[in-house]
Amino acid sequence: MQHVGQPALEVLQNVFGYSAFRHNQQTIVDHVIAGGDALVLMPTGGGKSLCYQLPALIRQGTGVVVSPLIALMQDQVMALQQLGVNAAFLNSSLSAAEANAVEEQLEAGQIDLLYVAPERLLNERTLAMLSRIQVSLFAIDEAHCVSQWGHDFRKEYQQLSVLHSTFPDTPRIALTATADTRVRSEIIKELKLDDAEVFVSSFDRPNITYAIEEQDNGKQQLWRFINENHPKDAGIVYCLSRRKVESVAEFLVGKGRRALPYHAGLSNKVRQKNQQQFLVEEGVIIVATIAFGMGIDKPDVRLVVHYDLPKSLEGYYQETGRAGRDGDPAQAVMFWGAGDFATARQRLAEVDEARRNAERA
């Protein structure tokens with residue numbers, strides 16, 4: 001369902017149902033439609049995805065979106081399909097027959113937006129297939145994953161510079177909700193975006209109230225805060241270790257709250273089930289390590305608690321940004337204790353030297 005050549009505002013209203021652009025969306029959309037490269041830094045909930053979805057529908061061909069998480073791709077594709085957009089994804093969750101069906105649709109020009117994992121995109125077969133079709137643009141979502149200084153580093157992201165040499169005339173748009181100046185320059189260098197226009201939106205989230213408290217009897221303190229301020233609200237509690245995730249989730253369940261654990265030690269199936277329940281049910285609290293969160297699009301999260309000191313300032317911004325995406329008031333609370341610093345030092349001793357220097361800084 002392409003809208004080649006139509007005015008962007010018209011497509012925004014007719015397809016996505018928004019009456020007007022927000023922040024600097026229109027400038028970005030116009031720039032990419034005209035064929036320009038872009039680096040977009042926009043806060044969580046600021047409407048980043050429209051910056052590439054609209055140009056993909058208005059430019060001739062298929063928009064290819066590089067996304068690091070299967071769950072995130074599936075959510076975005078489902079949302080687009082509900083709007084009548086021909087969207088699909090290629091990732092390891094598909095059977096060979098399902099992947100072949102998507103590839104056939106792609107070659108027949110029937111897909112407006114294709115979401116693909118970086119590993120899948122980089123294999124020779126995929127690159128050969130994309131060179132046979134018309135690609136309207138490449139969008140590199142969660143672009144901070146390219147940076148060794150970022151908190152979600154993915155090695156495959158650094159190989160995406162191949163898009164610049166293989167498809168020199170196709171516009172590329174890299175997007176992230178968090179990038180300090182060092183991460184920003186690394187994104188530009190690694191992705192060969194030297195000629196890209198950089199668009200930076202305000203990162204102020206006036207609807208979120210931030211608080212920091214010294215930890216004193218952590219679980220009781222956490223319960224008091226949740227019970228007094230958010231007795232029925234959905235929230236996220238971040239802990240540094242899997243063991244603590246399990247223990248805090250169990251404690252909250254014992255207090256009568258619907259609380260679910262999420263960490264890398266759980267099976268994929270359990271993680272997906274818990275994430276889905278958090279997304280669709282009311283008032284669920286997810287207790288998680290930072291394995292949870294990238295691309296989580298639940299608008300009514302009213303509280304984000306850091307039960308331990310976050311790993312980095314950038315990670316803290318990204319994680320607290322999951323609160324209040326609907327614009328209504330939300331709270332971000334961080335508990336800290338002297339033991340956190342010892343834990344952080346111990347954690348640094350376990351990572352490789354390049355990463356250690358980045359995290360220590």
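The values are calculated or read from the model by the stated rules, or taken from the named source; none is laboratory data. As the structure is a computational prediction, the values presented were derived from the model and not from experiment. Neighbour counts run over all protein chains shown; Cβ positions are idealised from the backbone, glycine included. The accessibility values were calculated without ligands, DNA or RNA, using every heavy atom of the protein model including side chains. Shrake-Rupley method; radii C 1.70, N 1.55, O 1.52, S 1.80 Å.
Pairs, please: C-beta under 6 Å, at least 6 apart or cross-chain, first residue over 24 Å from Val146 (Cβ atoms) and in a loop (DSSP other than H, G, I, E, B) and in the range 334-360, second modelled with pLDDT under 70 and open to solvent by 50 Å² or more (accessible area, probe 1.4 Å)?
none
So that you can scan it fast, the table gives a plain yes or no per residue for (1) in a helix (DSSP H, G or I); (2) touching a Phe, Trp or Tyr at 6+ places or on another chain (Cβ under 8 Å):
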| site | (1), (2) |
| --- | --- |
| Glu228 | yes, no |
| Gly235 | no, no |
| Val248 | yes, yes |
| Pro261 | no, no |
| Gln277 | yes, no |
| Arg325 | no, no |
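Could you list all residues from the range 232-246 that are open to solvent by 70 Å² or more (accessible area, probe 1.4 Å) and closer than 22 Å to Arg325 by Cα?
Hit for the range 232-246 is Lys232, nothing else.
Tell me, yes or no, whether the range 128-149 has at least one residue that is buried (at least 19 other Cβ atoms within 10 Å of the Cβ), farther than 30 Å from Asp180 by Cα and in contact with a helix residue (DSSP H, G or I) (Cβ under 6 Å, 6 or more places away or on another chain).
Taking every residue of the range 128-149 in turn, none turns out to be buried (at least 19 other Cβ atoms within 10 Å of the Cβ), farther than 30 Å from Asp180 by Cα and in contact with a helix residue (DSSP H, G or I) (Cβ under 6 Å, 6 or more places away or on another chain).
Cβ contacts < 7 Å: first residue farther than 14 Å from Leu41 by Cβ and charged (D, E, K, R), restricted to the range 14-29; second residue in a loop (DSSP other than H, G, I, E, B) and at pLDDT below 95, any location; separation 6+ or different chain. Result?
Arg22/Gly47
Where residues in the range 215-247 are more than 17 Å from Asp340 (Cα to Cα) and β-branched (Val, Ile, Thr), which of them is farthest from the chain's Cα centre (by Cα)?
My answer is Ile226.
Assess whether Gly45 counts as being at positive phi and within 18 Å of the chain's Cα centre (by Cα).
Against the criterion (at positive phi and within 18 Å of the chain's Cα centre (by Cα)), Gly45 qualifies.
Against the conditions (1) open to solvent by less than 70 Å² (accessible area, probe 1.4 Å); (2) closer than 21 Å to Gly45 by Cβ, where does Tyr157 fall short? Just the number, please.
(2)
Can you work out which of the residues in the range 1-44 that are in contact with a Pro (Cβ under 9 Å, 6 or more places away or on another chain) and among the small types (Gly, Ala, Ser) is farthest from Ile173 (Cα to Cα)?
Ranking the candidates gives Ala8 first.
Going by what's in this entry, would Ala97 be described as open to solvent by 70 Å² or more (accessible area, probe 1.4 Å) and either over 19 Å from Ile173 (Cα atoms) or modelled with pLDDT of 95 or more (or both)?
Judged against the criteria, Ala97 is a match.
Pick out the one residue from Asp308, Asp326, Asp352, Asp340 that is out of contact with any helix residue (DSSP H, G or I) (no Cβ under 9 Å at 6 or more places or on another chain) and either at pLDDT 90 or above or open to solvent by less than 50 Å² (accessible area, probe 1.4 Å) (or both).
Going through Asp308, Asp326, Asp352, Asp340 in turn, the sole match is Asp340.
Which condition from (1) touching a residue at least 40 places away in the same chain (Cβ under 8 Å); (2) open to solvent by less than 70 Å² (accessible area, probe 1.4 Å); (3) under 24 Å from the mean Cα position of the chain (by Cα); (4) over 26 Å from Tyr307 (Cβ atoms) is the one that Ser202 breaks?
In the conditions (1) touching a residue at least 40 places away in the same chain (Cβ under 8 Å); (2) open to solvent by less than 70 Å² (accessible area, probe 1.4 Å); (3) under 24 Å from the mean Cα position of the chain (by Cα); (4) over 26 Å from Tyr307 (Cβ atoms), Ser202 misses (2) alone.
Of everything in the range 80-94 that's among the hydrophobic types (A, V, I, L, M, F, W, C) and within 22 Å of Lys298 (Cα to Cα), which residue is most open to solvent (accessible area, probe 1.4 Å)?
Top of the filtered list is Leu83.
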